[in-house]
Amino acid sequence: MTGYLITVEGPDGSGKSTQAHLLADHLGALYTREPGGTELGEKLRDMVLDPNGEGLSDRAEALMIAAARAQHVEEVVRPAIEQGKNVVSDRFIESSVAYQGHGRGLGPEEIFDISIFATQSLKADLIVLIDVDAPLAANRRGKNLDRIEKAGDDFHSRVMSAYREMASEDPERWIVVDGSGTVAEVSERVIDQVQVRLGKYEKD
Ligand code: TMP
């Protein structure tokens, strides 16, 4: 039996990375992240997020993230799930649809297609959205911002709306968790809902 690919999504400042770690620990799953998760992916991540990298074009950004994803799937994600290991990825395809497709305005369909090319059609089995309102996310982001965090309020509100729209269009695959409250409170919500969903889900 192959393992599950569970991804954790949310805007910058949602507390998603902490929650992805806690979920992976709870499930005994492999934690990994995007962009990153491989040597190449981490180098691309540094370039994409460099706060001084103002000259990077939106399309180059989209393709660098897709390149990191291709390497991540081939080197880490697919081998793990093929060995029956569950994987929790801190961001995956839906980040690109939200950030590059909607946030940067490059078009969700084209960005999705580029990701599908990168992953050779591998998609998440389950996507956990950590849903937070804009003021809470902005507050949690703090002041030391990377290149994408600095993209502005309108950009970040397009990202959040895109996530909510994707989740409402595909409720079978998405779990929406209220990201307000303490780390422990949010983690309990995440773990409860993931367990309910995995209990209903049979994989071959
Ligand atoms: P993180 O700090 O939540 O790990 O994410 C790194 C940043 O990269 C975050 O601002 C979102 C951005 N990002 C995209 O814009 N598109 C993507 O496909 C991914 C995976 C991340």
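The values are calculated or read from the model by the stated rules, or taken from the named source; none is laboratory data. Keep in mind the model is a prediction, meaning the values are calculated, not measured. Glycine also receives a Cβ, built like all others from the backbone with ideal geometry; neighbour counts cover every protein chain displayed. The accessibility values were calculated without ligands, DNA or RNA, using every heavy atom of the protein model including side chains. Shrake-Rupley method; radii C 1.70, N 1.55, O 1.52, S 1.80 Å.
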Legend entry - the stretch 126-150: number of residues that are open to solvent by 20 Å² or more (accessible area, probe 1.4 Å) and either in contact with a Pro (Cβ under 6 Å, 6 or more places away or on another chain) or among the polar types (S, T, N, Q) (or both): 4
Inset, instruction - Hand me the list of helices (runs of 4 or more DSSP H) wholly inside the stretch 29-145 holding 1 or more residues that are at pLDDT below 95 and small (Gly, Ala, Ser). - result: 134-141
Inset, instruction - Considering only residues that are open to solvent by less than 80 Å² (accessible area, probe 1.4 Å) and in a loop (DSSP other than H, G, I, E, B), look in the stretch 189-204 and name the one that is modelled with the highest pLDDT. - result: TYR201
Inset, instruction - Restrict the check to the stretch 68-82 and report whether at least one residue is within 13 Å of the ligand (Cβ to nearest atom), in contact with a helix residue (DSSP H, G or I) (Cβ under 7 Å, 6 or more places away or on another chain) and open to solvent by 10 Å² or more (accessible area, probe 1.4 Å). - result: yes
Inset, instruction - Might you check whether a residue that is more than 28 Å from LEU145 (Cβ to Cβ) and touching a Ser or Thr at 6+ places or on another chain (Cβ under 8 Å) occurs anywhere in the stretch 37-60? - result: no
Inset, instruction - Look through VAL128, VAL196 and report the one residue that is among the hydrophobic types (A, V, I, L, M, F, W, C) and in contact (Cβ under 8 Å) with a residue 24 or more places away in the chain. - result: VAL128
Legend entry - Enumeration of residues in the stretch 132-174 that are under 17 Å from the mean Cα position of the chain (by Cα), more than 12 Å from the ligand (Cβ to nearest atom) and more than 22 Å from ILE111 (Cα to Cα): VAL132
Inset, instruction - Taking VAL87 as meeting all but one of (1) without any contact (Cβ under 8 Å) to a residue 60 or more places away in the chain; (2) open to solvent by less than 60 Å² (accessible area, probe 1.4 Å); (3) more than 10 Å from the ligand (Cβ to nearest atom); (4) in contact with a helix residue (DSSP H, G or I) (Cβ under 6 Å, 6 or more places away or on another chain), write down the number of the exception. - result: (1)
Inset, instruction - Report, by residue number, each residue of the stretch 23-41 that is more than 9 Å from the ligand (Cβ to nearest atom), open to solvent by less than 60 Å² (accessible area, probe 1.4 Å) and either of a type in the set (Val, Ile, Thr) or without any contact (Cβ under 8 Å) to a residue 40 or more places away in the chain (or both). - result: THR32, THR38, GLY41
Inset, instruction - Would you check if there is a residue in the stretch 12-22 being away from the ligand (no atom under 12 Å from the Cβ) and under 23 Å from VAL177 (Cβ atoms)? - result: yes
Legend entry - the stretch 151-188, residues that are loosely packed, with under 12 Cβ neighbours inside 10 Å and either assigned to a loop (DSSP other than H, G, I, E, B) or modelled with pLDDT under 95 (or both): GLY152, ASP153, ASP154, ASP170, PRO171, GLU172, THR182
